[in-house]
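Each remark here refers to the structure printed beneath this line.
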Amino acid sequence: MVTHTPYKGVSLTKKGREAAVNVLRRQRLWEVFLHDHLKIEWALIYEFACALEHATAPEVTEALAVFLGEPTVCPRGNPIPSADGSFKPVDGFPLSELEVGGRARVMAVNATATDVLRYLQERAILPGSEVKVLEAAPLQGPLTLLVGNGETALGLSMAEFVLVKRIKP
């Protein structure tokens, strides 16, 4: 499933990519179901979906996709691969790269740790929300953000997990 090239690293083979895309499809379909139909808290859906995807047969995956209306993104904003493995990547860049004064819409959150997801949820840094960088502290310090009507701080390492798309003035 992987190949190793000395001094260049490891990469997935065709079979490895197919397996990885299949896992992502199952995982993210379960996220949609848990969030939209069972109303599970946004910060918890990744963890629960991860457990469910391990026990999901291909027939169940495809039935779930049909039941959900063939969604293309999960509640965290990440693409759901189609049955043939294709998907459109997120059109965005890490929030950590947004300049002071820059405004953007959150497109996706790539974090998987429940405590990180809860932190972002509590501060309304979710797909679809708008953010503005008010300040970037020096020496890898946190970003001060305007989210909705409130200010919040977000460390640069956590801001790496948040993909945004610039909003033009």
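Counting only residues that are on the phi < 0 side of the Ramachandran plot and in a loop (DSSP other than H, G, I, E, B), how many does segment 32-47 have?
Here the count works out to 3.
Would you confirm, using the coordinates I've provided, whether Val106 is free of Cβ contacts under 8 Å to residues at least 60 places away in the same chain, over 15 Å from Glu41 (Cβ atoms) and touching a strand residue (DSSP E or B) at 6+ places or on another chain (Cβ under 8 Å)?
Against the criterion (free of Cβ contacts under 8 Å to residues at least 60 places away in the same chain, over 15 Å from Glu41 (Cβ atoms) and touching a strand residue (DSSP E or B) at 6+ places or on another chain (Cβ under 8 Å)), Val106 qualifies.
Quick check on segment 109-150: of everything there that is free of Cβ contacts under 8 Å to residues at least 40 places away in the same chain and basic (Lys, Arg), which residue is surrounded by the fewest Cβ atoms within 10 Å (Cβ to Cβ)?
In this case the residue turns out to be Lys132.
Pull up segment 1-52, narrow it to residues that are closer than 23 Å to Val66 by Cβ and over 17 Å from the mean Cα position of the chain (by Cα), then point me to the one that is surrounded by the most Cβ atoms within 10 Å (Cβ to Cβ).
Leu52
Please work out which residue is surrounded by the fewest Cβ atoms within 10 Å (Cβ to Cβ), limiting yourself to segment 66-92 and to residues that are among the hydrophobic types (A, V, I, L, M, F, W, C) and more than 12 Å from the chain's Cα centre (by Cα).
Val66
Among the residues of segment 151-169, write down those that are among the aliphatic types (A, V, I, L, M) and without any contact (Cβ under 8 Å) to a residue 60 or more places away in the chain.
Correct list: Ala153, Leu154, Met158.
Every number here is computed from the coordinates shown, using simple stated rules; none is lab data. Keep in mind the model is a prediction, meaning the values are calculated, not measured. All Cβ positions, even for glycine, are placed from backbone atoms using ideal geometry, and neighbour counts span all protein chains on display.
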